[in-house]
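What follows is a single structure, written as structure tokens, with notes after it.
The values are calculated or read from the model by the stated rules, or taken from the named source; none is laboratory data. Just so we're clear, the structure is a prediction, and the values are computed from it rather than from any experiment. A quick note on method: Cβ atoms are made from the backbone with ideal geometry, for glycine too, and the neighbour counts reach across all protein chains shown. The accessibility values were calculated without ligands, DNA or RNA, using every heavy atom of the protein model including side chains. Shrake-Rupley method; radii C 1.70, N 1.55, O 1.52, S 1.80 Å.
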Protein chains: 2
Amino acid sequence: MLRMETIQYNLPQSRIPLAWYNIQADLPTPLAPPLHPGTMKPIGPADLAPLFPMSLILQEVSTEREIEIPAEVRQLYAQWRPAPMMRARRLEKTLDTPAHIYYKYEGASPAGSHKLNTAVAQVYYNKKDGTKHLTTETGAGQWGSALSMACAFFGLDCKVYMVRVSYDQKPYRRALIEAFGASVTASPSNETESGRAILAKHPNSNGSLGIAISEAVEMAAKDPDTKYALGSVLNHVMLHQTVIGLEAIEQMALADDDPDVIIACAGGGSNFAGLAMPYLGRKLKGQSKARVVAVEPAACPSLTKGRFTYDFGDTGHLTPLVKMHTLGSTFMPPGIHAGGLRYHGMAPLVSHVLNLGLAEATTVQQLDAFAAGIQFARSEGIIPAPESNHAVAAAIREALEAKAEGKPRTILFNLSGHGHFDMQSYIAYQAGKLENYEYPEEEIAMALAGLPVIG
Amino acid sequence: MLRMETIQYNLPQSRIPLAWYNIQADLPTPLAPPLHPGTMKPIGPADLAPLFPMSLILQEVSTEREIEIPAEVRQLYAQWRPAPMMRARRLEKTLDTPAHIYYKYEGASPAGSHKLNTAVAQVYYNKKDGTKHLTTETGAGQWGSALSMACAFFGLDCKVYMVRVSYDQKPYRRALIEAFGASVTASPSNETESGRAILAKHPNSNGSLGIAISEAVEMAAKDPDTKYALGSVLNHVMLHQTVIGLEAIEQMALADDDPDVIIACAGGGSNFAGLAMPYLGRKLKGQSKARVVAVEPAACPSLTKGRFTYDFGDTGHLTPLVKMHTLGSTFMPPGIHAGGLRYHGMAPLVSHVLNLGLAEATTVQQLDAFAAGIQFARSEGIIPAPESNHAVAAAIREALEAKAEGKPRTILFNLSGHGHFDMQSYIAYQAGKLENYEYPEEEIAMALAGLPVIG
């Protein structure tokens with residue numbers, strides 16, 4: 001019998017990490033503080049209390065290196081963690097590359113993406129601190145699915161503001177969120193002042209993540225029993241996602257291999273941070289030389305063409321300002337862009353590590369992303385989420401570079417979710433209806449000119 | 001720290017079974033032979049050669065107990081096997097039952113169901129025996145997805161006849177099949193005599209599995225380089241699925257538990273056979289006392305209300321006749337029935353073990369099936385395929401019986417697939433648009449009266 005090639009590098013349930021890794025403990029310079037949207041002065045924990053439970057606020061500002069994962073959260077993680085790490089051997093053969101291509105597969109979570117890692121943690125802390133209702137936004141729907149599932153697990157009420165265009169185009173994603181018992185409202189809606197203000201000006205608004213965030217935040221701020229949950233951007237969300245990288249480090253050791261390059265797509269930044277931060281922590285200690293690459297769509301280039309400055313997290317300017325790579329809170333990705341990652345900003349922590357030179361950023365065009373997704377599906381079986389296609393495309397690019405050089409290269413990327421609820425974008429791609437898009441420099445300049453001027 | 005409860009009972013890649021288990025070696029009485037559709041006489045391997053490669057024909061008639069899984073197939077299995085076995089502890093708590101509920105999760109395969117277990121095996125043998133093109137049918141779409149994926153892995157051309165109503169209602173399932181490079185035709189089509197004959201009589205025919213099988217078989221029979229692949233019913237398909245039960249036996253040992261009852265839904269019979277046959281093999285040796293339960297929809301009750309007799313596998317009467325539980329090859333499940341499992345017959349092997357009293361059958365009404373699916377999703381995160389909901393409902397029924405008795409009961413069921421491509425049926429359920437349906441006795445009697453009379 002032929003010797004089997006190892007495909008899976010899986011860990012037992014007992015190896016679910018005991019603590020999240022907080023890179024803030026190891027950063028050479030600290031993060032800039034968030035600012036109050038009214039006073040533009042640094043805010044303290046109390047300022048965030050209307051929106052978040054105190055446990056999460058304390059995590060948001062913590063500089064402890066390790067933050068213990070509560071037993072109840074680890075118990076829930078056991079439903080799908082440790083997540084699989086696989087070697088894409090058939091893709092390697094198809095590409096005829098000397099590179100080793102590994103992927104961490106977060107789409108194996110019951111919610112279909114990495115988002116559940118922070119959803120169960122956030123709902124746990126909310127429950128513990130007495131929250132009765134949670135509000136949130138969702139764009140492509142991964143976050144809404146994850147949060148509604150976590151709320152079902154803990155018996156919390158959940159209300160999701162779903163960007164109008166997704167609400168209309170993705171009835172099945174909405175049905176999934178509703179199956180978990182959450183209520184879903186198309187955003188902009190008439191339920192909030194922020195929503196009504198947008199609708200007054202643009203009655204047919206397609207909505208945006210920035211608008212939906214404003215609506216969810218507004219509803220939470222009104223009622224002491226209601227809090228708000230965000231699926232990316234914030235420090236505590238990055239923190240919860242570090243289980244991805246912590247597991248990957250163990251799994252790469254199982255594979256007796258070490259990544260030369262680590263790749264993840266970046267919209268708000270959470271799946272990138274999840275894989276990258278634990279490796280960056282090692283890099284800061286001289287234990288890893290891996291290049292760390294964030295991949296964004298050419299149509300939404302906050303890291304590669306945005307400015308690293310203070311900006312609002314939402315369109316209605318209700319959130320604190322954070323220092324991040326941003327295209328301006330009025331940014332609207334073009335309609336031809338089908339593939340997620342449509343947020344104007346980027347997590348402050350991700351922006352900061354890029355600014356420190358610890359990581360780099362690159363862009364992928366939409367057609368290359370979908371072509372990569374199809375190639376991956378035909379080799380590996382899994383049809384990636386459009387967001388994850390950007391990481392796949394960058395991984396293939398690295399593998400082909402290695403081939404051109406005739407040298408080995410070990411590539412590890414984050415396959416952050418599956419595309420089962422995104423088939424409409426594959427239909428559009430296969431029908432030739434998607435286009436590449438380069439955000440025009442003058443439009444970027446205009447959007448950036450509108451950024452708030454701080455200090 | 002709280003002790004973690006074990007949720008996962010997972011095996012390493014090295015524990016993928018080395019051989020499939022063939023219960024034909026252990027049956028007290030052999031299967032009745034298939035009959036030629038023209039002569040009504042028993043057929044030999046050569047009669048099947050126009051449709052199947054000889055390797056699979058030999059497996060179809062084999063009475064060897066163990067059939068080695070080729071290394072190439074095990075290597076592909078390593079993409080998703082050994083499949084997870086989980087304990088549904090949150091569901092147990094929700095039900096407040098003393099029962100232990102375990103499920104084998106076949107939806108973790110990249111194709112989203114157990115169907116990939118036989119798809120990769122069938123495509124492997126076809127490739128080995130020189131097949132260039134494969135034709136098949138698909139109803140709900142699980143099988144079409146699996147076969148097209150396997151064909152992509154092996155570089156075989158694949159053509160799928162998709163039941164018209166699914167083709168129209170499930171564009172995303174179709175898009176998935178097309179993403180793997182297969183071509184998809186709505187059935188009945190104008191491409192075949194069988195299809196044209198149906199369309200002449202019923203121009204707006206919704207199609208059925210029986211019709212689509214006729215079309216796929218007709219295309220394969222015409223061309224020596226083209227073979228046909230069936231996703232259920234046949235002995236070699238049941239055989240390939242036994243990896244499910246073989247792994248489950250090891251995983252139950254890891255859990256230090258032993259099932260009192262084993263449950264799977266049954267349409268054509270393959271996911272049921274996959275889990276059940278290895279346990280029935282133990283039962284025949286006195287090593288297991290588990291009750292083995294096949295669950296079918298009340299709207300398609302071939303095991304509970306059909307006749308155990310010879311019938312055609314397809315509507316066009318092109319296939320051999322096999323002895324099975326059948327409602328007659330003209331059977332059409334009612335339109336209000338949303339949930340898969342719509343085939344008129346049942347695998348001869350499954351029919352035979354039921355007839356021998358080794359297993360039992362029960363029915364679940366549609367509304368109970370979906371209610372169970374929603375309850376499962378809110379407890380365990382996974383939204384089951386509508387087919388699998390029947391197994392979930394039966395498992396919950398057993399758990400509630402155990403609760404009523406105040407006695408423990410160990411339940412193992414097969415969660416054969418996820419429902420990501422079936423959300424339309426959940427939308428219909430949540431909107432109150434689905435109904436229960438009891439197939440009227442007089443209609444069954446009429447359908448059975450039309451069965452061929454043999455011997």
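Could you list all residues from segment B:230-259 that are over 12 Å from B:P278 (Cβ atoms), open to solvent by 10 Å² or more (accessible area, probe 1.4 Å) and in a helix (DSSP H, G or I)?
Passing the criteria: B:N235, B:A253, B:L254.
Please go through segment B:113-165 and give me each residue that is touching a residue at least 40 places away in the same chain (Cβ under 8 Å), open to solvent by 10 Å² or more (accessible area, probe 1.4 Å) and small (G, A, S), ordered by number.
Across segment B:113-165, the qualifying residues are B:G130, B:G139, B:A140.
Taking the stated definitions as given, is A:A220 away from chain B (no Cβ under 14 Å) and in a helix (DSSP H, G or I)?
Judged against the criteria, A:A220 is a match.
Mind listing whichever residues of segment A:400-416 are crowded, with 24+ Cβ neighbours inside 10 Å and over 18 Å from the mean Cα position of the chain (by Cα)?
A:I411
If A:D311 passes every condition in (1) surrounded by 24 or more Cβ atoms within 10 Å (Cβ to Cβ); (2) in a helix (DSSP H, G or I) but one, which one does it miss?
Tallying (1) surrounded by 24 or more Cβ atoms within 10 Å (Cβ to Cβ); (2) in a helix (DSSP H, G or I), A:D311 fails exactly one: (2).
Test each condition in (1) farther than 30 Å from B:P70 by Cα; (2) within 12 Å of chain B (Cβ to nearest Cβ); (3) in contact (Cβ under 8 Å) with a residue 12 or more places away in the chain for A:A83 and report the one that comes out false.
A:A83 satisfies all of (1) farther than 30 Å from B:P70 by Cα; (2) within 12 Å of chain B (Cβ to nearest Cβ); (3) in contact (Cβ under 8 Å) with a residue 12 or more places away in the chain except (1).
Kindly indicate which of B:V160, B:V120 is at pLDDT 95 or above, within 14 Å of another protein chain (Cβ to nearest Cβ) and in contact with a Phe, Trp or Tyr (Cβ under 9 Å, 6 or more places away or on another chain).
None of the others qualify; the one that does is B:V120.
Anything in segment A:11-65 that is open to solvent by 60 Å² or more (accessible area, probe 1.4 Å), more than 14 Å from every other protein chain (Cβ to nearest Cβ), outside any loop (DSSP other than H, G, I, E, B) and out of contact with any Leu (no Cβ under 8 Å at 6 or more places or on another chain)? List them, or say none.
Those that are open to solvent by 60 Å² or more (accessible area, probe 1.4 Å), more than 14 Å from every other protein chain (Cβ to nearest Cβ), outside any loop (DSSP other than H, G, I, E, B) and out of contact with any Leu (no Cβ under 8 Å at 6 or more places or on another chain): A:A46, A:D47, A:M54, A:L58, A:V61.
Could you check, for segment A:404-415, whether at least one of its residues is away from chain B (no Cβ under 14 Å), modelled with pLDDT of 95 or more and part of a helix (DSSP H, G or I)?
yes
Tell me which of these A:P348 doesn't satisfy, since it passes every other one: (1) under 19 Å from the mean Cα position of the chain (by Cα); (2) under 28 Å from A:K433 (Cα atoms).
(2)
Go through segment A:66-85 and give me each residue that's more than 18 Å from A:D129 (Cα to Cα) and either buried (at least 17 other Cβ atoms within 10 Å of the Cβ) or β-branched (V, I, T) (or both).
Selection gives A:R74, A:Q75, A:L76, A:Y77, A:A78, A:Q79, A:W80, A:R81, A:P82, A:A83, A:P84, A:M85.
Give the residues of segment A:348-365 that are over 20 Å from A:K283 (Cα atoms) and either open to solvent by less than 10 Å² (accessible area, probe 1.4 Å) or part of a loop (DSSP other than H, G, I, E, B) (or both), sorted by residue number.
A:V364, A:Q365, listed by residue number.
Identify, from the list B:L91, B:L35, the residue that is aliphatic (A, V, I, L, M) and within 30 Å of B:K407 (Cα to Cα).
Of B:L91, B:L35, the one residue that is aliphatic (A, V, I, L, M) and within 30 Å of B:K407 (Cα to Cα) is B:L91.
Check every one of the helices (runs of 4 or more DSSP H) wholly within segment A:83-198 and list those with 3 or more residues that are touching a helix residue (DSSP H, G or I) at 6+ places or on another chain (Cβ under 6 Å).
A:89-95, A:115-128, A:142-154, A:171-179
Can you pull out every residue in segment A:351-393 that is within 17 Å of B:Q79 (Cα to Cα) and of a type in the set (S, T, Y)?
Residue satisfying the conditions is A:S379 alone.
Could you count how many residues in segment B:118-137 are in contact with a His (Cβ under 8 Å, 6 or more places away or on another chain) and over 24 Å from B:S208 (Cα atoms)?
Count: 1.
Name the residues in segment A:96-112 that are open to solvent by 10 Å² or more (accessible area, probe 1.4 Å) and more than 9 Å from chain B (Cβ to nearest Cβ), would you?
A:D96, A:T97, A:P98, A:H100, A:Y105
Residue by residue through segment A:171-209, note down the ones that are out of contact with any Gly (no Cβ under 7 Å at 6 or more places or on another chain), under 22 Å from A:S425 (Cα atoms) and basic (K, R).
A:R174, the sole residue that qualifies.
Looking at (1) more than 10 Å from chain A (Cβ to nearest Cβ); (2) within 18 Å of B:V295 (Cβ to Cβ); (3) part of a helix (DSSP H, G or I), which is the only condition B:S425 fails?
Here B:S425 clears every test but (1).
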